[in-house]
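> I am attaching a structure below and will ask some questions about it afterwards.
What follows draws every value from the coordinates through simple rules; no lab data is involved. Here the structure is a predicted model, which means the values were calculated and not measured. Cβ placement follows ideal geometry from the backbone for every residue including glycine, while neighbour counts extend to all protein chains displayed.
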Amino acid sequence: MNQTVVTLDKNGDIGVIRIDNPPVNALSQPVRAGLQAAIEQVQADATIRAVVVHAAGRTFVAGADINEFSLPELPPPGFHEIFDQLERLNRPVIAAIHGTALGGGLELALACHYRIALESAKVGLPEVHLGILPGAGGTQRLPRLIGAQAALNMILKGEHVAAAKALQLGILDAVVGDEDLLAAALRYARELLSQGKGPRRTSELTVDPASVPAGLFEQARAALQKRPTGNPAPARIIDCVEAAVSKTFAEGAALEKRLVEECRRTQESAALRHRFFAEREAAKIPGLPRDLELRTIKRVGVVGAGTMGGGIAMNFVNVGIPVRIVEVEQAALERGLGVVRKNYEISVTRGRLTAEEVEQRMALLQGTLDYADLADCDLVIEAVFEDLELKKKVCTRLGEVCKPGAIIASNTSTLDIDVLAEASGRPADFLGMHFFSPANVMRLLEVVRGAKTAPAVLVTVVNLAKTIGKVPVVSGVCFGFIGNRMLESYLREAEFLLLEGASPAQIDAAIQSLGLPMGPCRMLDLAGVDVGAKVVFEQAKAGILPPDPSYRVVVQKLYELGRYGQKTGAGYYKYDGRMPLEDPEVETICRQLAAEHGIQRRSDISEQEIIERCLYPLINEGAKILEEGIAYRASDIDVVWINGYGFPDYRGGPMFWADSIGLDRIAERLDHYAQVRGNEYGYWTRAALLTRLVNEGRKFADLGIMQG
Ligand code: 3H9
């Protein structure tokens with residue numbers, strides 16, 4: 001037996017199998033081998049009358065080791081083999097669950113005969129988020145235990161289920177309060193023995209077909225077809241759960257084994273696994289001093305009660321951190337607080353919050369018209385209108401009123417953090433916190449480190465981001481940071497394509513065919529053409545626009561015409577309610593602009609050209625961001641695009657996607673467009689890093705940490 005990761009001890013006549021594989025007790029090969037050895041030892045020891053399986057550290061088993069899924073073959077012993085062996089033991093086996101029993105961890109527990117958990121524990125089969133299915137018996141045992149409908153629902157959603165609910169569903173047999181779990185499990189084992197209870201094998205149960213709602217599987221398949229996803233797992237999950245009803249355990253298990261293997265070999269699953277690790281890497285800041293003293297954030301201030309300020313405030317009150325929100329006028333303050341309350345009330349109607357919880361949260365949100373009320377805040381975030389002069393004034397004021405040691409942050413989406421930091425008079429305490437709209441919903445937070453931001457400030461905010469449920473990504477200072485800077489090249493090409501003769505619907509359809517929820521034209525109409533145009537004006541002011549008179553003229557023209565998008569009923573489209581309709585007016589506008597700028601119209605723009613022209617320059621910009629050290633890692637860029645811009649997770653983000661296309665191909669197409677479109681303004685000039693990687697036959701994924 002592998003002595004270090006799995007041990008078998010005896011507590012009287014009870015065998016105790018302990019898994020100790022930090023940080024999350026993943027079932028990597030040594031753990032599987034250790035488990036198998038422990039089971040064989042139990043088989044050989046007739047004095048053991050019952051077995052408890054538990055885990056050391058902060059959690060029970062959090063699943064298979066996700067790293068192993070990238071190996072050509074999963075190293076033996078296999079999951080089914082061990083779990084079947086465990087279940088076949090002829091003495092009662094009890095799983096003792098604390099923390100989380102996820103994926104293979106729950107499957108291990110399901111192979112045990114009884115399950116006891118702490119009330120703080122959670123269980124789930126989240127494999128779907130990795131583009132695979134529960135492949136260690138979960139699709140066969142869970143339906144046998146709790147019924148096909150509940151199991152299908154739980155596996156397709158991949159949610160974590162709290163212990164109380166899991167008890168109700170029949171996944172758990174007992175839940176205990178805050179006590180010594182191992183002691184409780186041993187007690188439970190002795191009770192079973194005293195009651196003469198023996199093994200209870202879930203694989204021997206059958207699902208009564210009469211308990212399965214008519215059309216359950218057909219409806220699940222129809223729902224998938226209606227909203228197709230690039231994830232290879234859901235369709236196969238439905239097949240497996242159906243097999244749990246209609247086939248023997250052995251047949252269902254064989255199907256599960258084959259389908260999980262099919263899933264893990266797909267590019268989509270590789271992309272989803274990349275996302276899993278990328279999000280965790282993104283929160284790691286390289287090169288930090290060892291003895292950092294982090295700051296404590298007990299109260300937060302927000303300046304501006306507009307949509308953004310209100311959304312930002314909600315993030316904190318949702319986790320119990322009180323917020324002071326400042327406005328200039330009482331009416332604006334009341335409007336802002338009213339919007340927050342309305343958002344919470346919508347959650348009540350959807351059953352996500354109780355009326356009492358709304359009151360508790362609103363009580364944590366205090367409005368004020370006086371900056372002096374921010375004096376006791378540990379972090380203050382300004383979320384006023386995106387205007388450099390205004391933001392500078394606000395930052396200066398914050399530098400005056402905030403207490404020493406408070407962190408001051410700007411929610412700017414494009415402006416120079418270093419300029420704002422200087423305006424505050426305390427650049428070491430200053431950074432950017434770029435929330436995405438709606439700020440209470442979108443998971444991404446770009447944390448922008450200024451030239452003088454203190455490391456402790458940066459780490460405090462990255463940790464805080466995790467506390468409020470955000471995925472933080474650190475960016476250096478440049479116009480638009482990681483996300484909006486890359487977006488700029490995407491929007492630039494979308495507009496040139498409009499001038500050359502593509503319609504908004506054609507462009508959007510091409511981009512959506514890749515799995516993005518909306519193309520650039522619909523996105524700008526939704527975000528506001530005015531907002532989009534102002535970004536261009538700000539770049540002009542900052543002197544960073546290319547000297548190209550045709551640069552993003554479409555958005556500027558639509559703005560001039562008051563076509564602000566969905567909110568004014570017209571933008572790149574005209575609107576019937578929320579429904580975008582093609583508008584001949586837009587074609588006329590584009591035709592006129594093309595004529596003014598001497599741009600040839602053509603009718604041969606293909607879907608492939610749209611995809612390449614919008615996305616390959618975006619990837620090229622990503623490479624520049626890396627070589628400048630604006631992002632630490634290529635995978636950080638992927639995290640930004642998946643969580644902030646709806647880039648499909650099953651493609652792994654733009655940089656992972658580029659690696660899968662081949663960087664030589666990307667480079668070759670950039671060169672091609674430089675030739676056919678001309679390259680007067682450097683739009684198609686390859687990033688030096690891209691050329692280097694192509695020459696060396698390497699990928700973005702091969703790069704280490706990049707520091708500017
Ligand atoms: C599965 O089980 C398939 C089976 O059906 C069998 C098929 C054949 N593997 O998230 P954290 C690392 S698929 C490897 O920051 P938290 C993680 O990368 C699996 N590594 O902690 C990080 O490393 P580092 C199904 C893993 O407290 C460290 O552990 N299970 C795994 O915020 C800490 O993680 C899942 O999908 C793993 N399975 O959250 C559950 N899990 O420190 C995946 C974690 O180097 N895990 N790591 O960056 C989670 O959801 C969270 O990690 C958990 C803890 C909730 C457990």
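> Using the per-residue mean of other Cβ atoms lying within 10 Å as a proxy for protection, in what order, highest first, do the peptides 601-612, 129-140 fall?
Working: 601-612: 14.2, 129-140: 28.1.
The densest-packed peptide leads the list: 129-140, 601-612.
> Compute the long axis of helix 29-44 from its Cα atoms, compare it with the longest principal axis of the Cα atoms of the chain, and write down the angle in degrees, 0 to 90, nearest 10.
On a 0 to 90 degree scale, this one is about 10.
> May I pose another question? What percent do you get for the relative contact order of the range 6-265 when only Cα pairs under 8 Å and 6+ apart count?
Numbers: 513 pairs, mean separation 48.8, N = 260.
Relative contact order, the range 6-265: 19 percent.
> Report, in listed order, any pair from Lys197/Lys247; Lys257/Lys284; Lys403/Lys541; Lys391/Lys557 with a Cα-Cα distance greater than 32 Å. Mind showing how you got there, number by number?
Working: Lys197/Lys247 28 Å; Lys257/Lys284 35 Å; Lys403/Lys541 34 Å; Lys391/Lys557 27 Å.
In this structure, Lys257/Lys284; Lys403/Lys541 lie more than 32 Å apart at Cα.
> Can you tell me which lysines have their Cα less than 24 Å from the Cα of Lys122? Leave out same-chain residues fewer than eight positions away.
Partners within reach: Lys157, Lys165, Lys466, Lys470.
> Turning to a different aspect of this structure: Between beta-carbons, use under 12 Å as the cut-off and find the net charge around Met308, counting Lys and Arg +1, Asp and Glu -1. Write out the running numbers ahead of the final one.
On the way: positive: none; negative: Glu382, Glu386.
Around Met308, the surrounding residues sum to -2.
> When all C-alpha to C-alpha distances in the range 607-708 are sorted into bins of 5 Å, what percent of pairs does each bin hold, rounded to whole numbers?
Distribution as computed: 2, 13, 24, 26, 20, 10, 3, 0 percent.
> With both partners inside the range 387-494, how many of the DSSP beta bridges are antiparallel, as a percent to the nearest 5?
On the way: 4 of 12 bridges.
Of all bridge pairs located within the range 387-494, approximately 35 percent are antiparallel.
> Where q = 0.07, 0.11 Å⁻¹, what log10 of I(q)/I(0) comes from the Debye formula for the range 6-265, counting one point per Cα?
For the range 6-265, the Cα-only Debye profile gives -0.22, -0.55.
> Given the DSSP H assignment, sum -39500 (n - 2.57) over each helix run of at least 4 residues in the chain and divide by its residue total; what's the result at 222 nm in deg cm²/dmol, nearest 500? Show your work: numbers first, answer last.
Working: 28 runs with 342 residues, N = 708.
Roughly -15000 deg cm²/dmol at 222 nm, from the helical runs in the chain.
> Share of antiparallel DSSP beta bridges in the range 6-265, in percent to the nearest 5?
Numbers: 9 of 29 bridges.
Of the beta bridges lying entirely in the range 6-265, close to 30 percent run antiparallel.
> Given a cut-off of under 8 Å on Cα pairs at least six residues apart, what relative contact order in percent is computed for the range 300-475?
Details: 341 pairs, mean separation 35.0, N = 176.
Once normalised by length, the contact order is 20 percent.
> What relative contact order, as a whole-number percentage, does the chain give when Cα pairs under 8 Å and 6 or more residues apart are counted? Each step should come with its number before you reach the end.
Details: 1338 pairs, mean separation 61.9, N = 708.
That works out to 9 percent.
> Against the longest alpha carbon principal axis of the chain, how many degrees, from 0 to 90 and to the nearest 10, is the axis of helix 148-157 turned?
40
> Another one. Where does each of 189-199, 685-695, 220-230 land if you order them by average Cβ count within 10 Å, highest first?
On the way: 189-199: 14.5, 685-695: 17.5, 220-230: 12.5.
Ranked by mean Cβ neighbours within 10 Å, highest first: 685-695, 189-199, 220-230.
> Additional query: Restricting to DSSP loop positions (anything but H, G, I, E, B) with no more than 16 other Cβ atoms inside 10 Å of their own Cβ, which trypsin sites (Lys or Arg not before Pro) remain in the range 442-490? Walk me through the numbers on the way to the answer.
Numbers: sites: Arg443, Arg449, Lys452, Lys466, Lys470, Arg485; in loops: Arg443, Arg449, Lys452, Lys470.
Within the range 442-490, the qualifying trypsin sites (Lys or Arg not before Pro) (loop, at most 16 other Cβ atoms within 10 Å) are Arg443, Lys452.
> Something else about it: Of the beta bridges DSSP finds with both residues in the chain, what % are antiparallel, to the nearest 5? Show your work: numbers first, answer last.
Working: 18 of 62 bridges.
Bridges in the chain are about 30 percent antiparallel.
> Order the peptides 539-547, 270-278, 492-500 from the highest to the lowest mean number of other Cβ atoms within 10 Å of their residues. Before the final figure, lay out the partial values.
Values: 539-547: 12.2, 270-278: 21.7, 492-500: 23.8.
Per-residue Cβ counts within 10 Å, averaged per peptide and sorted highest first, yield 492-500, 270-278, 539-547.
> Can you tell me the alpha carbon radius of gyration of the chain divided by the globular rule-of-thumb value 2.2 N^0.38 Å? Numbers along the way, then the final one.
Values: Rg = 28.3 Å, N = 708, 2.2 N^0.38 = 26.6 Å.
Scaled against compact globular proteins, the figure is 1.06.
> Could you give the angle, 0 to 90 degrees to the nearest 10, between helix 216-226's Cα long axis and the longest principal axis of the Cα atoms of the chain?
20
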